[in-house]
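Worksheet for the structure shown next.
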Amino acid sequence: MWGLIGVDVDHPDAVLRMVSTVDNHPPPNVIIENPVNGHAHAAWAITTPIKITNYGSRRSVRYGLSIEEALRRAVGGDPHYPARLIKNPFHPRWMTHFIHANTSTLDRLGGILTPAGHMPGRGWHNQRRRTPVGHSRNETLFHGVRHFAYREMRHHWGDVDGYRAAIAREVAIRNADFGIPLGATENTSVCSVVRRTLH
């Protein structure tokens, strides 16, 4: 379940960017600031958490990712931040600002971010698939190859080496689509994880 949308802002005025919300973006629920350099994480609580398993709605996941990207654009967040983990708000190293306790629906967030011009365009998801932002390249590659491997299994009954070669070939093809491909060691790791997942 995905219940918090997180953004990482690596600027010394991160908190100001996040609280300056007039006609721009909704205020986050919490801001977790590094008092040394001013960088901060922010999180927005979603009223109905999004299922991100195979049983969830792909439309909801895509909309949630678009909202996440819009919030990132609104505050100048880091495009390479995985956005599924945030700083511990109770750790003494950070300065935590609890802004409010209200949750927001995706439609409410979109209703503020769309007129402000922050929502990504229609082709953004296809571009994101080739140059992943939010999820890591490893995770993107794993999930894509995992689905391929389930289908491919029926063509290789009793042919373990052929099956391994087919998975390695698919990993190499999909990896080549990334703007910055993974290295050979990471490719091998993805192949191994896919095979272990299917056993």
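The values are calculated or read from the model by the stated rules, or taken from the named source; none is laboratory data. In this text, all values refer to a predicted model and were calculated from it rather than measured experimentally. Here the Cβ positions follow ideal geometry from the backbone for every residue, glycine too, while neighbour counts run over all protein chains shown. Accessible surface areas use protein heavy atoms only, side chains included; no ligands, DNA or RNA. Shrake-Rupley method; radii C 1.70, N 1.55, O 1.52, S 1.80 Å.
Below, the figures for the structure above:
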quantity	calculated
Residue in region 1-16 that is surrounded by the fewest Cβ atoms within 10 Å (Cβ to Cβ), counting only those that are outside any strand (DSSP E or B) and in contact with a strand residue (DSSP E or B) (Cβ under 7 Å, 6 or more places away or on another chain)	Met1
Residue list for region 109-123, filter: assigned to a loop (DSSP other than H, G, I, E, B), within 21 Å of Thr47 (Cβ to Cβ) and open to solvent by less than 50 Å² (accessible area, probe 1.4 Å)	Ala116, His118, Met119
Pair list, Cβ under 6 Å, 6 or more apart: region 102-127 residue closer than 19 Å to Ile50 by Cα, other residue among the aromatic types (Phe, Trp, Tyr) and at pLDDT below 95	Leu106/Tyr63
Thr96, sole failed condition from (1) among the hydroxyl-bearing types (Ser, Thr, Tyr); (2) in a loop (DSSP other than H, G, I, E, B); (3) closer than 22 Å to Val15 by Cα	(2)
Out of Tyr55, Tyr81, sole residue that is part of a loop (DSSP other than H, G, I, E, B), surrounded by fewer than 12 Cβ atoms within 10 Å (Cβ to Cβ), hydroxyl-bearing (Ser, Thr, Tyr) and at pLDDT below 90	Tyr55
So Leu141, is it at pLDDT 85 or above, aliphatic (A, V, I, L, M) and under 23 Å from the mean Cα position of the chain (by Cα)	no
Condition broken by Val19, with the remaining ones in (1) farther than 29 Å from Arg137 by Cα; (2) touching a strand residue (DSSP E or B) at 6+ places or on another chain (Cβ under 6 Å) satisfied	(2)
Contacts under 6 angstrom Cβ, first residue in region 156-181 being farther than 17 Å from Arg146 by Cα, partner among the basic types (Lys, Arg), 6 or more apart	Phe178/Arg137
Number of the condition not met by Ile31 [criteria: (1) assigned to a strand (DSSP E or B); (2) surrounded by fewer than 20 Cβ atoms within 10 Å (Cβ to Cβ); (3) β-branched (Val, Ile, Thr)]	(2)
